[in-house]
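Have a look at the structure below, then the notes.
The values are calculated or read from the model by the stated rules, or taken from the named source; none is laboratory data. Fair warning: this is a prediction, and the values are worked out from it, not measured in the lab. So basically every Cβ, Gly included, is an ideal-geometry build from the backbone, and we count neighbours across all protein chains shown. With ligands, DNA and RNA removed, areas are computed over all heavy atoms of the protein, side chains included. Shrake-Rupley method; radii C 1.70, N 1.55, O 1.52, S 1.80 Å.
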Amino acid sequence: MRYVVVTGGVLSGLGKGVTASSIGVLLKSAGLRVTSIKIDPYLNIDAGTMSPFEHGEVFVLDDGGEVDLDLGNYERFLDVALMRDNNITTGKVYAAVVERERRGDYLGKTVQVIPHITNEIQEWIEKVAQVPSDGNNGVPDACIIELGGTVGDIESAPFVEALRQFQFRVGRENICFVHVSLVPVMGPVGEQKTKPTQHTVKELRGLGIIPDILVCRSAKPLQDETRTKLAAFCHVPEEAIVSAHDVSNIYRVPMMLEEQGVSGVLSKLFGFELPSKRPLLDDWKAMADRVDNLEGEVHIATVGKYTGLSDSYLSVIKALQHSSYEVGRKLVIDWIESADLDDQTSAADPEAYAAAWELLRGADGVLVPGGFGIRGIEGKIKAAEYARTNNIPYLGVCLGLQVATIEFCRNVLGMEGANSTEFDADTPHPAVVFMPEISKTHMGGTMRLGTKPTAFLVDDCKMRRLYGGADHVDERHRHRYEVNPELIEQIESAGLKYVGKDETGQRCEIMELEGHPYYVGTQYHPEFKSRPGRPSPPFLGLLMAACGQEI
């Protein structure tokens, strides 16, 4: 097993995740089976209870693990399916050690950070690295490990120490340390400054880890003198100092690393032969070229409540992008804060109200993604109504399906005050209700989570066609509420059909409105399984309909 450990310095948000994913692409293109691990030094057990404003989206895995959005990056780049144990948090590690101590596993010894916490981390990495993730059941050859945060943070200290020890546990020839740092440009002269990187490498070396590859983030390519200076002061050979400058699109990052010889450095370090032909890299280049040469625009109004931070909807953005490449159009996402569409904003802030409605009316398609809580719900219901009554393509994901159902009950079936019991416990017409098997007292990990089968109940519909005529689909879920089973017959008789249901035949999973160009909703989150070159079918349908293409 080969391990690539990616750490970061100077500041967060430099692109460790994309760097780690891109190195994984290079290893995969060389014929190695690749898996990955993300280490998050926070005390939360997982990302499930964290606000999207705080931490970006919660990414859901096949086994129901609620994890950091970087695991979504790995899945999309490497085309793998990871599990909850591929995300290690401080909370998980300490919980495991405390549980062992309570059972008496440590035989009365004093339990300490070293060796007990650090050993737990190392054993966890070794165990997870052996788990197949590419769907072919083969044990991986290489594991990419990304350490979240910045070197020097108090939170990450036990992980850095564990990784320092780990190099001796697995053999120095089987581990490669990649450090991502910042090379800023200061002043009118435009000189690239190396001091921040010198300091972060010095700190890393002081902790016992010597980087093999230095990835330097900068706006422009690294100058030769900058590279020479970094090599001299950071104890890294010049050929292993990589410029990670701004590129036209994310699919160029693996190519950028390849052009600077990163594959050669890895093959020398790990002792494997690089094949003469690497078709995977040709595919990436073709994808990157295609993205740069899209013509014409398609506008998708995305009506949400976390629009202030686009990372809150990262997988949704990616699913829309993958679909836009397929239809050959440049994607323009018009972000609309859902609260700006409702009547309260009309009175309180007429300018914001007018601007939101102008964006909605100018869109080629409308998307209402998932979310929790009452804020902005009436605005989402208004968006669903606008799309339904004006024949505008609409996709509702999770909560988006629920608000479309509420809107239909109110305005088509005449159920005044219809709502979800999440937002109005005393609604006279509960269109959406709490699922009976879900805990009402615990928040973390208690939803309907992970991959579940959804069977199609009709021989032909738009969604079944998009899924290639499949009998059923396996998609990932994250919800506590569902369409009220008692109202389904009444809703369907008016033309809103639930064409897909869960394995019990009771729970509504896929909806479609008869006689509409594209008005669909999914109770599951199809964005989590979207891949470049293999877009998520419901999102592809939205983009096709928005471009006037036949489904």
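With the cut-off at 28 Å, tell me which of the pairs Lys109/Lys202; Lys92/Lys202; Lys202/Lys268; Lys380/Lys501; Lys318/Lys382 have Cα atoms farther apart than that.
Working: Lys109/Lys202 35 Å; Lys92/Lys202 30 Å; Lys202/Lys268 25 Å; Lys380/Lys501 24 Å; Lys318/Lys382 25 Å.
Lys109/Lys202; Lys92/Lys202, as the Cα separations exceed 28 Å there.
How much of Arg375 can a 1.4 Å solvent probe reach, expressed as accessible area in Å² and rounded to 10?
Roll a 1.4 Å probe over it and Arg375 shows about 100 Å².
Which three extents, in angstrom, do the Cα atoms of the stretch 223-294 have along their principal axes, listed largest first?
Between the extreme Cα coordinates on each principal axis of the stretch 223-294 lie 43, 30, 13 Å.
Per-residue accessible area for Lys202 at 1.4 Å probe radius, Å² rounded to 10?
Spelled out: Lys202, probe radius 1.4 Å, area about 150 Å².
What is the projected area of the convex hull of the Cα atoms of the stretch 84-133, averaged over all directions, in nm²? Don't jump to the answer; show the numbers that get you there.
Working: hull surface 14.8 nm².
Computing the convex hull of the Cα atoms and averaging its projections yields 3.7 nm².
Could you work out the relative contact order of the chain? I mean the mean sequence separation of Cα pairs under 8 Å and 6+ apart, divided by the number of residues, in percent. Don't jump to the answer; show the numbers that get you there.
Details: 1120 pairs, mean separation 79.3, N = 551.
About 14 percent, as a whole number.
With only alpha-carbon atoms in the gyration tensor, what are the semi-axes of the equivalent ellipsoid for the stretch 311-385, in Å, largest first?
Values: eigenvalues 122, 43, 18 Å².
Ellipsoid half-lengths, sorted descending, are 25, 15, 9 Å.
When the convex hull of the C-alpha atoms of the stretch 346-399 is computed, what volume per residue in Å³ does it have?
Details: hull volume 4.3 nm³, N = 54.
Cα-based convex hull of the stretch 346-399, divided per residue, equals 80 Å³.
Convert 37 °C to kelvin, take the viscosity as 0.692 mPa s, use the Kirkwood radius over C-alpha pairs of the stretch 480-527 as Rh, and evaluate the Stokes-Einstein diffusion coefficient in µm²/s, rounded to a whole number. Walk me through the numbers before you get to the answer.
Details: Rh = 11.3 Å.
Estimated via Stokes-Einstein, D reaches 291 µm²/s.
Report, to the nearest 10°, how far helix 279-292 tilts away from the longest principal axis of the Cα atoms in the chain, using its own Cα long axis and a range of 0 to 90°.
Tilt of helix 279-292: around 60 degrees.
Along each of the three principal axes of the Cα atoms of the stretch 331-423, give the extent in whole Å, ordering the values from largest to smallest.
Taking the Cα atoms of the stretch 331-423, the three principal extents are 31, 30, 24 Å.
Expressed in whole Å with the largest first, what are the equivalent ellipsoid semi-axes of the stretch 402-551 derived from the C-alpha gyration tensor as the square root of 5 times each eigenvalue? Write down the numbers at each step before the final one.
On the way: eigenvalues 127, 82, 36 Å².
The three semi-axes for the stretch 402-551 are 25, 20, 13 Å.
Note the per residue figure in Å³ for the convex hull of the C-alpha positions in the chain.
Considering the Cα atoms of the chain, their hull volume per residue is 175 Å³.
For the stretch 297-365, give the magnitude of the charge dipole about the Cα centre (Cβ charges: +1 Lys/Arg, -1 Asp/Glu; no others), in debye to the nearest 20. Don't skip to the end; give the middle numbers.
Values: 5 positive and 12 negative charges, 78 e Å.
Computed charge dipole of the stretch 297-365: roughly 380 debye.
Quick one: angle between helix 90-103 and the longest Cα principal axis of the chain, in degrees between 0 and 90, rounded to 10, please.
Helix 90-103 and the main axis of the chain meet at about 80 degrees.
Above 25 Å lies some portion of the pair distances; for the stretch 190-349, what is it as a whole percent of all C-alpha pairs? Please report the intermediate quantities before stating the final value.
Values: 6857 of 12720 pairs.
Every Cα pair in the stretch 190-349 considered, those over 25 Å come to 54 percent.
Any chance you could give the angle, 0 to 90 degrees and rounded to 10, that helix 16-29 forms with the longest Cα principal axis of the chain?
The answer is roughly 80 degrees.
On a C-alpha basis, how far is the centre of the stretch 209-261 from the centre of the stretch 303-363 in Å? Whole number, if you could?
36
Can you give me the P(r) profile for the stretch 1-75? Cα pairs, bins 5 angstrom wide beginning at 0, each as a whole percent.
Result returned by the calculation: 3, 14, 23, 23, 20, 11, 5, 1.
Out of the DSSP beta bridges found with both residues in the chain, what percent are antiparallel (nearest 5)? Don't skip to the end; give the middle numbers.
Numbers: 26 of 76 bridges.
DSSP beta bridges in the chain are roughly 35 percent antiparallel.
Expressed as a whole number of Å, what is the distance separating the alpha-carbon centroids of the stretch 43-92 and the stretch 498-550?
If you average the Cα positions of each part, the centres end up 24 Å apart.
Please report the projected area of the stretch 184-263's Cα convex hull averaged over all directions, in nm². All intermediate terms of the calculation are to be shown ahead of the outcome.
Working: hull surface 22.8 nm².
About 5.7 nm², averaged over all directions.
Quick check on the stretch 271-333: take the gyration tensor over C-alpha atoms, sort the square-rooted eigenvalues as a ≥ b ≥ c, and tell me if it's rounded (a/c under 1.5), prolate or oblate. Could you put the intermediate results ahead of the total?
Details: a/c = 4.43, a/b = 1.82, b/c = 2.44.
Oblate shape, in that a/c is at least 1.5 and b/c is the bigger or equal ratio.
Averaging over every viewing direction, what projected area does the convex hull of the Cα atoms of the stretch 1-158 cover, in nm²? Could the numbers behind the result be given before it?
Details: hull surface 39.4 nm².
Reported value for the Cα convex hull: 9.8 nm².
Equivalent-ellipsoid semi-axes (√(5λ), Cα gyration tensor) for the stretch 91-250, whole Å, largest first?
On the way: eigenvalues 257, 74, 40 Å².
After diagonalising the Cα gyration tensor, the semi-axes are 36, 19, 14 Å.
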